[in-house]
Amino acid sequence: MLLAKAVIGTIGLLLFFTIFKINIGNFLIVANLVYLVKPENFYYDGLIILAWGIFFISHNDILNLKNFEFPYKKLYLTLFIFAVIGFIKSRYFADGIKYFTNEFIFPFSLVLIIYNSKISDAAAKKVYISLVSVSFIVAVIGILLALAHPQERIGSTWVTAMTINAFYLICFYIAIGLYFDSKKKFLRVLYIIMAFVIFLGLLFTYTRMALLGVIFGLGLASLKIKILRKYFIGFVFLGILMIPQTLMSRFSLGMFKDVSMIIRYIVWVKSIHLIVAHPLTGIGFQTFKYINVMPEQLQFLYAEHSHNVYLRLALEVGVVGMISYVLIIYNVLKKYLKAFGNNMMDFFVFVAILSTMFTCLTDVFIIQTPISFLFWTIIGLMFNKLRNNNKKYI
């Protein structure tokens, strides 16, 4: 079945590029279709290989080093060194290669490829439109499945609800950005409907932190945009009215009744102790799941990772590696907000990334394969726009 999907996808890509020009902008548009189906790691590995191929095909002058640039070389070099150490320390090759890809190959490849490609604002907007359209379809399916199975956490076509809420969160803010960016009333109505449906899809993942991510981002945006304050109040009000009973029951649990909160507390404490013991190089990718041994009677409190992306990065690649990773993101967000914060589309792209970083306080979305690919694609588009507008930030 997986092979059949891969073959169909490959044929679809070939047909697409037979009709449309071969370039990275068009590649990113069609690559968004992968989010329609259950994420499999090799889909994204294949997309990275394909992206490199398209990049070299569409850049005949790539060997001319004057036309080839890369931002934050020292930070990326530092991240590479500690990611290699994390890979070497991994107990199993499959674990090591998966998270080396998610935590270095995707951040390196997508930024390098997109940064050095010619992508206009119009082309970038098409990428965002295709992404929101895919998210809308996935959300509709997810809502219908949730209504049909009210006691289960089904993540639409992704099956699991544990990661898809980050996908919804990113697309929700981009849909709002498209709403503010559009001049035609029909499109504005369409995008706000899409945003609300995506919001409902997120609600039906029954994930509290994702909902807090919506509140965090809309609250942040409302400080800047007066008109958004009424939308913020409206979304919060409708959200409270439409919160599924399953999610409401999770909110109502106390600290010592909600097992998920207890699990997080335990793994945070264990992670901090291990980071203190191995601050420089960490313990290796995905090693914590083998170290976190629980007594038989407490197996229900077991977790295979730190449930906090910053703790997990520090634990797996060391504190220096974690700081390098975060600084790359921080620097581009800071410069992007300063350069384009007054443009509504760009501002909500910024809010999408920052809100996702906020939700990573209790999970590891941005180093999970599908979200890592999406997250660094958007970071790459931010880098590209800064370069195209001659904004110095390196």
**Request:** Determine which member of the set F70, F108, F82 is among the aromatic types (F, W, Y), closer than 19 Å to F373 by Cα and assigned to a helix (DSSP H, G or I).
**Result:** F108
**Prompt:** Hey, among V326, V319, which residue is over 16 Å from the mean Cα position of the chain (by Cα), at pLDDT 95 or above and surrounded by fewer than 20 Cβ atoms within 10 Å (Cβ to Cβ)?
**Reply:** V319
**Asked** Given the structure, is L381 of a type outside the set (D, E), in a helix (DSSP H, G or I) and closer than 16 Å to L28 by Cβ?
**Response** yes
**Asked** Mind checking which residues of segment 205-227 are in contact (Cβ under 8 Å) with a residue 12 or more places away in the chain and under 24 Å from I129 (Cβ atoms)?
**Response** T205, A210, G213, V214, G217, L218, L220, A221, K224, I225
**Message:** For the structure I just gave you, tell me whether Y173 is part of a helix (DSSP H, G or I) and either surrounded by 24 or more Cβ atoms within 10 Å (Cβ to Cβ) or in contact with a strand residue (DSSP E or B) (Cβ under 7 Å, 6 or more places away or on another chain) (or both).
**Reply:** yes
**Message:** hydroxyl-bearing (S, T, Y), within 19 Å of T356 (Cα to Cα) and buried (at least 16 other Cβ atoms within 10 Å of the Cβ): is that true of Y191 in this structure?
**Reply:** no
**Request:** For residues that are among the aromatic types (F, W, Y) and either more than 15 Å from N102 (Cα to Cα) or without any contact (Cβ under 8 Å) to a residue 60 or more places away in the chain (or both), tally how many sit in segment 350-370.
**Result:** 2
**Request:** Quick one: which residue in F348, F383 is in contact with a Gly (Cβ under 6 Å, 6 or more places away or on another chain), among the aromatic types (F, W, Y) and buried (at least 24 other Cβ atoms within 10 Å of the Cβ)?
**Result:** F348
**Prompt:** Scanning segment 51-65 for residues that are part of a helix (DSSP H, G or I) and either basic (K, R) or surrounded by fewer than 17 Cβ atoms within 10 Å (Cβ to Cβ) (or both), which turns out modelled with the highest pLDDT?
**Reply:** W52
**Item:** Residues satisfying the stated conditions in segment 207-218, i.e. under 14 Å from D363 (Cβ atoms) and either crowded, with 24+ Cβ neighbours inside 10 Å or polar (S, T, N, Q) (or both)
**Value:** T207, A210, G213
**Asked** Since N165 meets every condition but one in (1) outside any helix (DSSP H, G or I); (2) of a type in the set (S, T, N, Q); (3) buried (at least 24 other Cβ atoms within 10 Å of the Cβ), which condition does it not meet?
**Response** (1)
**Item:** Candidates Y325, Y336, Y330, Y290, filtered to the one that is out of contact with any Asp or Glu (no Cβ under 6 Å at 6 or more places or on another chain), assigned to a helix (DSSP H, G or I), free of Cβ contacts under 8 Å to residues at least 12 places away in the same chain and not hydrophobic (A, V, I, L, M, F, W, C)
**Value:** Y330
**Check on T281, modelled with pLDDT under 95, under 25 Å from M162 (Cα atoms), among the β-branched types (V, I, T) and in a loop (DSSP other than H, G, I, E, B)** = no
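The values are calculated or read from the model by the stated rules, or taken from the named source; none is laboratory data. Values in this document were obtained by computation on a predicted structure and should not be read as measured data. Ideal geometry is used to build each Cβ from the backbone, glycine not excepted, and the neighbour counts take in all protein chains shown.
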